[in-house]
1. Put +1 on the Cβ of each Lys and Arg and -1 on the Cβ of each Asp and Glu in the stretch 62-161; which of G131, T73, S147 then has its Cα farthest toward the positive end of the dipole?
2. Share of the chain's accessible area from carbon and sulfur, percent, 1.4 Å?
3. If the viscosity is 0.890 mPa s and the temperature 25 °C, what translational diffusion coefficient in µm²/s does Stokes-Einstein give for the stretch 39-163 when Rh comes from Kirkwood over Cα pairs?
4. What number do you get for the stretch 9-92 when its Cα radius of gyration is normalised by 2.2 N^0.38 Å, N = residues?
5. If Lys and Arg each add +1 and Asp and Glu each add -1, what is the summed charge of the other residues whose beta carbon sits under 10 Å from the beta carbon of R53?
6. Report the local net charge at D28: Lys and Arg +1, Asp and Glu -1, summed over other residues whose C-beta lies under 12 Å from its C-beta.
7. Compute the signed sum of charges (Lys and Arg +1, Asp and Glu -1) over the other residues within less than 12 Å, Cβ to Cβ, of L38.
8. Amide H neighbours of F52 under 5 Å, at least 5 residues apart or on other chains, H built in the peptide plane: list them.
Amino acid sequence: VSLPEMRPLPDELSLEVLIKLGDDISTDEIMPAGNDVLPFRSNVPEISKFVFRPVDEDFYVRALEARENGGGTVVAGENYGQGSSREHAALAPRHLGVRAKIARSYARIHRENLVNFGILPLRFVDPEDHGRVEMGDVLRMSGIRASLERRKPIEVRLFRAGEEADRFEVELDLSRREVDLLLAGGALSALKKRA
């Protein structure tokens, strides 16, 4: 199955928090391996049905619903994406409409994979803000492209039950190349644009 189209990063995002996680979440928990999953390795729509299955069997259904309404986000603690360098742990969530992840910190290779597939690897400016976010909240960000270009923090407005409940800031530590990849929607989109 062909890879899904990766659209450029919009300037505004309104994302439902699909799951909230703690520290040391591995790529095996994000995108499990095994005999049930590996036959679908080259079929992104099919393999995406297994995203987060070891920790939340309902993630896939929530993600599809959120994708129809602008997309979703994942909130995590320290060392998110540790373990194997599995690219599908970034590619499959992107197919499900995940446009940003917000964590206290990322494992290096997974962070790079997120950028390559056009998912913003956002970090809490204040790590304690992790405790203020709940699953089901909607996080709204605007002026994203300009913030990336200027490498400035992004303000997040948190909505709970339809009402604005909080605000906090997130940041990215990116090279110029990584900014360009994210603005294009990921590495494949950037290559197509150049070609």
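The values are calculated or read from the model by the stated rules, or taken from the named source; none is laboratory data. Predicted model only: the values in this text are computed from it and were never measured. Reconstructed Cβ throughout: ideal geometry from the backbone, glycine too, with neighbour counts over all protein chains shown. With ligands, DNA and RNA removed, areas are computed over all heavy atoms of the protein, side chains included. Shrake-Rupley method; radii C 1.70, N 1.55, O 1.52, S 1.80 Å.
1. Of the options given, the answer is S147.
2. On the way: 4200 of 9400 Å².
Carbon and sulfur: 45 percent of the exposed surface of the chain.
3. Values: Rh = 15.3 Å.
Rounded, D is 161 µm²/s.
4. 1.09
5. Combined, the nearby Lys, Arg, Asp and Glu give -4.
6. Computed value for this residue: 0.
7. That sum, taken over residues with Cβ under 12 Å, equals 0.
8. Here M31 satisfy the definition.
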